[in-house]
Amino acid sequence: MHSVHPTPKFSIITVTYNAEKVLEDTILSVISQTYHHVEYIIVDGGSEDKTLSIIDRYRSRIHTVVSEPDKGLYDAMNKGISLATGDYLCFLNAGDCFHEDNTLQQMVHTIIGNELPDVLYGETAIVDKNGHFLRMRRLSAPETLTWKSFKQGMLVCHQAFFPRHTLVEPYDLQYRFSADFDWCIRIMKKAHTLHNTHLTIIDYLDEGMTTRNRKASLKERFRIMAKHYGLIGTVAHHAWFVIRAVTHQ
């Protein structure tokens, strides 16, 4: 008997705040996908630049738009989760794009059989503001992903990590910089099938975090690792990190 290929619906969520310089490319990359089982959700924090007029230009292609003040990035992402109705969620930041116009189609084609995996994941390319390829992400996706994989760091970029909606929980707002790291680990702990698409999924805009945020982010990440993997193992894995955190207060 010929098995019917699954056609999961993707909820693509973009969180924006004063993103006029980079948002249009992201919107275009979503609405030009050749795969049509997609809902696009934009959660805006009450932008004061031209973000909303850019959204308006494509309003007919965007399923849901919310624009109101929020308590920051992860609060806005939680709003996105509550609005999503798809089988898979993907958080595509303003400035980030799908690698190709048929990326979602290619991802679906890698699913074998008619059971939907719990998580789909792949690789991330780093691009400049003109969309030109710079390099692949320094950490590459492991052949087989488990919740323990992130002991080595965030091996899969948050944007290239598509969990089933049924496994998704809200982001933990106690983390200001690395809540996505904790969120992915929590989802992977519940997931049975984590499917490597072996595709480059995302073009990630290389804007760089401020150094101050990077330090705060690393400290948070250490707390998250200690929570999930235990303090001893985390310290052993990241002696360099501990030394650095202590010496660069």
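The values are calculated or read from the model by the stated rules, or taken from the named source; none is laboratory data. Note that this is a predicted model, so its numbers are computed, not measured. A quick note on method: Cβ atoms are made from the backbone with ideal geometry, for glycine too, and the neighbour counts reach across all protein chains shown. For accessibility, only protein heavy atoms count, side chains too; no ligands or nucleic acids. Shrake-Rupley method; radii C 1.70, N 1.55, O 1.52, S 1.80 Å.
In the chain, the DSSP-assigned H stretches of four residues or longer account for a calculated mean residue ellipticity at 222 nm of -9500 deg cm²/dmol, using -39500 (n - 2.57) per stretch and the full residue count as denominator.
How much net charge surrounds residue 175 when only the other residues with a Cβ under 13 Å from the Cβ of residue 175 are counted, with Lys and Arg +1 and Asp and Glu -1? Don't skip to the end; give the middle numbers.
Details: positive: 71, 176, 186, 219, 221, 223, 227; negative: 75, 172, 180, 182, 220.
Local net charge: +2.
For the chain, set up a Gaussian network in which alpha carbons nearer than 10 Å are linked by springs, and say which option among 232, 54, 111 fluctuates the most. In the Gaussian network model the winner is 232.
Accessible surface area normalised per residue over the chain is 50 Å², counting heavy atoms of protein chains with a 1.4 Å rolling probe. Applying the criteria of a DSSP loop state and at most 16 other Cβ atoms within 10 Å to the trypsin sites (Lys or Arg not before Pro) of the stretch 149-200 yields 176. What's the longest bit of the chain with no exposed GluC sites (Glu not before Pro), using DSSP loop states and at most 12 other Cβ atoms within 10 Å as the test? Between exposed loop sites, the widest span is 49-114. Dipole magnitude for the stretch 20-116: computed about the Cα centre from +1 point charges on Lys and Arg Cβ and -1 point charges on Asp and Glu Cβ, it is near 140 debye.
Calculate what fraction, in whole %, of the accessible area of the chain sits on carbon and sulfur atoms when a 1.4 Å probe is rolled over the protein chains.
On the way: 6660 of 12470 Å².
Solvent-exposed carbon and sulfur of the chain make up 53 percent of the total.
Across the options 179, 158, 193, the greatest Cα extent toward the positive end of the charge dipole of the stretch 150-225 (unit charges at beta carbon of Lys, Arg, Asp, Glu) belongs to 179.
Were the residues from residue 190 through residue 63 laid out at 0.36 nm apart, the gain over their Cα-Cα distance would be 42.8 nm.
Where the only charges are on Cβ atoms (+1 Lys, Arg; -1 Asp, Glu), what is the dipole of the stretch 32-175 about its Cα centre, to the nearest 20 debye? Before the final figure, lay out each step's value.
Numbers: 13 positive and 19 negative charges, 66 e Å.
Taking the Cα centre of the stretch 32-175 as origin, the dipole is about 320 debye.
For the chain, what relative contact order do you get, as a whole percent, if you take Cα pairs closer than 8 Å and at least 6 residues apart?
Reported as a whole number, the value is 21 percent.
Report the local net charge at residue 87: Lys and Arg +1, Asp and Glu -1, summed over other residues whose C-beta lies under 14 Å from its C-beta.
Here the count lands on -1.
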